[in-house]
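Colleague: This structure is in structure tokens; I'll ask about it shortly.
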Amino acid sequence: MLFDLRSRRRRGAVKVIYIGLAVVMVVGLVGLGIGTGSTGGLLNAGGNGGSGNNGNSLNTKQLTSAIKAVKDHPTAANWATLMAARYSAAGAGYNSTTGAYTAAAKAQLQKGADAWQQYLTVNGNKPSLNNAILAARIYQNLGQWNEETQAWNYAAQGATGADRLKPFYCLALSAYAAKQTAKGDLAAAQAIALTPKLQRLTQKSAFQEAKSSTTTARESLVSNC
């Protein structure tokens, strides 16, 4: 048999076979982007968003397609897709070091917010949970706290079961950030009731700090919502 290594010739043959297998495995893993420090590889080719020319090109194509779709068929689904495409395109202008968007990126965010409003109109003010959360994050990046509060309110209304905690938590913070104290108190009470008992005192204390300082509320929003 081949794996009887008593023969020098057979030992040499086995060595060649294993070297060949090793080469095949390395090529395969690199092609899949496994074991490399990059996001390259066959599985990531043409991936979503991200930095670099490929990501920007993909964002541009998605945005162009979304704009055309909403012009041809201004349905709620197409407005939601356009909102998401605007948000994705804005990401190209985000500086992770400074935590700031360029003026052009902010313009994209604002257009994304406009698409959200169109979506609400067409959809009879009955947004999906995910779209409401995306809208809230768009408004957060624009520093439009009242509008973010409204979006989180939609999210809280649309959430069910275990998904209810975060929308109410973020609704409370955004309401405090917008100086809508009464709404913040109502949302905070709901969030505390949904929080595990051992964490409620900590949560209540955090809400009190956010209520007393819009800066704290806004920082908590950015960190947690």
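All of the numbers you see were taken from the coordinates with simple rules; none came from a lab. On a predicted model such as this, the values are computed, not experimentally measured, just so you know. For neighbour counting, all protein chains shown are included, and Cβ atoms are generated from backbone atoms with ideal geometry for every residue, glycine included.
Colleague: How about LYS61: which aspartates and glutamates have a C-alpha closer than 16 Å to its C-alpha, ignoring those fewer than 8 places off in the same chain?
Modeller: Within the straight-line cut-off, LYS61 pairs with nothing.
Colleague: If each residue of separation counts as 0.36 nm, what is the full-extension length gain between THR181 and ASN95 once their alpha-carbon separation is subtracted? Please list the in-between numbers first.
Modeller: On the way: separation 86, 0.36 × 86 = 30.96 nm, distance 3.22 nm.
Fully extending the segment from THR181 to ASN95 adds 27.7 nm.
Colleague: Something else now. Residues with beta-carbon under 12 Å from that of GLN62, excluding GLN62: net charge, scoring Lys, Arg +1 and Asp, Glu -1? List each step's numbers first, then the result.
Modeller: Details: positive: LYS61, LYS68, ARG86; negative: none.
Here the charged neighbours net out to +3.
Colleague: Calculate, in nm to one decimal, what ARG200 and SER213 gain on full extension: separation in residues at 0.36 nm each, minus their alpha carbon distance.
Modeller: Numbers: separation 13, 0.36 × 13 = 4.68 nm, distance 2.01 nm.
Gain on extension, ARG200 to SER213, equals 2.7 nm.
Colleague: Please work out the Cα center distance from the range 93-138 to the range 156-209, rounded to the nearest Å.
Modeller: About 22 Å separates the Cα centre of the range 93-138 from the one of the range 156-209.
Colleague: Write down the Kirkwood hydrodynamic radius of the range 44-174, to one decimal in angstroms, obtained as one divided by the mean of 1/r over all alpha carbon pairs. Could the numbers behind the result be given before it?
Modeller: Values: mean 1/r = 0.0659 Å⁻¹.
Over the range 44-174, the inverse of the mean reciprocal pair distance is 15.2 Å.
Colleague: Here is the link list: LYS126/LYS211; LYS71/LYS166; LYS71/LYS111; LYS106/LYS204. Which ones come out longer than 26 Å on Cα distance? Intermediate values should be presented prior to the final figure.
Modeller: Details: LYS126/LYS211 29 Å; LYS71/LYS166 34 Å; LYS71/LYS111 15 Å; LYS106/LYS204 34 Å.
Exceeds cut-off: LYS126/LYS211; LYS71/LYS166; LYS106/LYS204.
Colleague: Peptides 198-208, 153-163: what's the order by average Cβ count within 10 Å, highest mean first? Could you put the intermediate results ahead of the total?
Modeller: Values: 198-208: 13.8, 153-163: 16.1.
Ranking, from highest mean packing down: 153-163, 198-208.
Colleague: Determine which aspartates and glutamates satisfy two conditions relative to LYS183: a Cα distance under 15 Å, and not lying fewer than 8 residues away in the same chain.
Modeller: Output for LYS183: GLU147, GLU148.
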